[in-house]
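One structure below.
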Amino acid sequence: MEKKFAFFLGCTIPASQFHVEAATRKAFEKLGIELLDMEGATCCSDPEISRQFDENLWLHIAARNISIAEKLNANIMTVCNGCFDTLNKVNESLKADEKLKNEINRDLEAIGKEYKGTVKVLHAIEVLHDEIGLDTISKAVVKPLKNLRVALQPGCRLYHDDEKKLVEKFTALVKALGAQIIDYPLIRLCCGVPALYVDAEFSLMERTKKKLESVQSVNVDCIVTFCPACYDRLEKGQLDLRSRGINFSIPILNYFELLALALDIDPDDFGIYLHRIPADGVVEKIEEETG
Amino acid sequence: MEENRDLYPLRKPLRKIPETYAGAIKALLASAHLPQFSDFTADEREEIGLEPVPPTAWKYKEAVKELEELTKKIGLEKKKKLI
């Protein structure tokens with residue numbers, strides 16, 4: 001294998017969206033990319049709650065996680081928008097601030113770790129788009145998703161850094177699988193996760209529900225995202241709304257699941273049955289197209 | 001960090017941990033992860049060919065001790081009482 005990346009799992013994916021972890025590992029194996037385990041990695045730590053609790057702790061935890069990848073001599077790849085936000089920001093801050101880096105390293109020394117600033121933190125979008133390439137992905141597709149109408153959910157954090165062009169790259173990656181991207185009015189509306197910690201009712205009715213209504217208005221087969229928080233909110237939100245008699249049935253898929261399906265990886269092998277809003281219709285539509 | 005002021009101009013220093021945050025911070029400090037990890041999850045992971053326990057702090061418990069050591073080094077003992 002030519003390329004290898006330190007796979008930063010985060011919290012949500014290995015604990016509650018492990019079908020995404022399985023799809024990622026199997027798809028990368030098929031593409032000939034090696035994923036190295038970051039043994040003993042912790043929460044990134046999360047860019048909202050723990051950062052708000054104590055920014056210094058947030059910096060230390062992220063530096064410790066990055067130091068694990070440095071030992072592996074590999075750039076970090078993360079699927080999660082939140083983990084990317086934390087690890088990338090801390091990495092860039094410490095690389096630019098020698099004094100801060102030294103302060104953090106004085107504490108890391110006590111646990112036998114050191115942050116050197118020798119690796120990059122990459123979103124899975126950058127790995128797929130820039131390191132593997134659209135051409136390689138398109139050529140590896142066995143089952144083009146031509147029949148599939150998908151709505152994108154980039155998630156707020158992908159818009160933070162205009163220079164990285166993560167939203168454009170995400171769009172290109174979905175197109176590389178052959179799927180039809182259907183625009184919808186409220187693509188920039190937040191899924192509702194941050195508001196959940198302040199006002200659960202507002203989060204559900206003014207964010208999640210409005211987002212789902214907007215997607216439903218354009219009649220798609222699924223929503224595709226990279227962000228595990230958006231995934232969780234848009235899926236659980238549909239179940240919460242059903243209990244109030246408001247019915248949506250829009251499967252939420254991580255990009256790696258779509259990629260795995262396009263690479264002809266058996267959906268049961270990566271656990272597509274674990275979706276709380278079943279994705280059977282998505283699988284059937286792909287099978288109809290390709291026979 | 002400088003970008004903080006640009007991105008979140010209205011953010012104020014935290015005086016008390018909001019109740020909705022407390023559970024997540026407690027979980028982070030106790031297990032180095034935010035969600036719980038159950039035996040049921042381990043079984044389900046194994047069924048789709050994954051390592052039952054992910055190779056993170058859930059598997060390598062010394063990571064939790066390292067995090068405890070870091071919180072002491074940073075001097076968070078007093079702040080932890082706010083939770």
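The values are calculated or read from the model by the stated rules, or taken from the named source; none is laboratory data. Computed from a predicted structure; not experimentally measured. All Cβ positions, even for glycine, are placed from backbone atoms using ideal geometry, and neighbour counts span all protein chains on display. Note: areas computed on protein heavy atoms with side chains; ligands, DNA, RNA excluded. Shrake-Rupley method; radii C 1.70, N 1.55, O 1.52, S 1.80 Å.
Computed values, structure above
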read-out	value
Filter result for A:ALA22 (touching a Leu at 6+ places or on another chain (Cβ under 7 Å) and facing chain B (nearest Cβ under 7 Å))	yes
Test: residue in the range B:30-52 that is under 20 Å from A:ALA62 (Cα atoms) and in contact with a His (Cβ under 8 Å, 6 or more places away or on another chain)	no
Tally of residues being in contact with a helix residue (DSSP H, G or I) (Cβ under 8 Å, 6 or more places away or on another chain) and open to solvent by 20 Å² or more (accessible area, probe 1.4 Å) across the range A:26-45	7
Residue list for the range A:1-54, restricted to those being in a strand (DSSP E or B), over 13 Å from the mean Cα position of the chain (by Cα) and not basic (Lys, Arg)	A:PHE5, A:ALA6, A:ILE33, A:GLU34, A:LEU35, A:LEU36, A:ASP37, A:ALA41
The range A:73-100 - residue that is more than 18 Å from A:ILE61 (Cβ to Cβ) and out of contact with any helix residue (DSSP H, G or I) (no Cβ under 6 Å at 6 or more places or on another chain) and, of those, most open to solvent (accessible area, probe 1.4 Å)	A:LYS99
Unmet criterion (only one of (1) among the charged types (D, E, K, R); (2) surrounded by fewer than 19 Cβ atoms within 10 Å (Cβ to Cβ); (3) touching a Gly at 6+ places or on another chain (Cβ under 7 Å)) for A:GLU287	(3)
Selected residue [within 30 Å of B:ALA63 (Cα to Cα), polar (S, T, N, Q) and at pLDDT 95 or above] from A:THR208, A:THR118, A:THR171	A:THR118
Residue within the range A:122-130 that is open to solvent by 50 Å² or more (accessible area, probe 1.4 Å), over 18 Å from the mean Cα position of the chain (by Cα) and at pLDDT 95 or above present	no
In the range B:14-55, residue farthest from A:ALA15 (Cα to Cα) [restricted to those that are open to solvent by 40 Å² or more (accessible area, probe 1.4 Å), facing another protein chain (nearest Cβ under 7 Å) and aliphatic (A, V, I, L, M)]	B:LEU14
Test for B:ARG11: is it at pLDDT below 95 and more than 9 Å from chain A (Cβ to nearest Cβ)	no
Check on A:TYR231, hydroxyl-bearing (Ser, Thr, Tyr), assigned by TED's automatic domain parsing to the domain that holds A:TYR159, in contact with a Phe, Trp or Tyr (Cβ under 9 Å, 6 or more places away or on another chain) and under 20 Å from A:THR12 (Cα atoms)	no
Any chance A:VAL150 is β-branched (Val, Ile, Thr), outside the structural domain of A:GLU39 (by TED's automatic domain parsing) and either open to solvent by 30 Å² or more (accessible area, probe 1.4 Å) or over 29 Å from B:GLY75 (Cβ atoms) (or both)	yes
